[in-house]
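Here the structure comes first, spelled out in structure tokens, and everything after it is commentary.
Where a number appears in this text, it was derived from the coordinates with a stated rule and is not lab data. Predicted, not measured: the structure shown is a model, and the values here were computed from it. Every residue, glycine as well, gets a Cβ built from its backbone with ideal geometry; the counts of neighbours run over all protein chains shown.
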Amino acid sequence: MRKLIAALALTCALSACVAAAVVGTAVDVTGTVVGAAVSTTGAVVDAVVPDKKEDKDEDD
């Protein structure tokens, strides 16, 4: 009976570790995807919106 209780206790503890690892990986992947999307959006906006500094240089 003690072995069964010990096995159940270890199973619960290990499943919590696995769950934490899965959640941590999901958060890392989500952060990477969001960061890439923000970088891409920033690059597109920079390409579409003209730079005001260049306009001032042309006027001088």
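Of note:
- For the pair residue 43 and residue 12 in one chain, pulling the backbone fully straight at 0.36 nm per residue adds 6.5 nm over the alpha carbon distance.
- Between residue 2 and residue 25, the modelled labels are 3.7 nm apart [label points 7 Å from Cα along Cα→Cβ].
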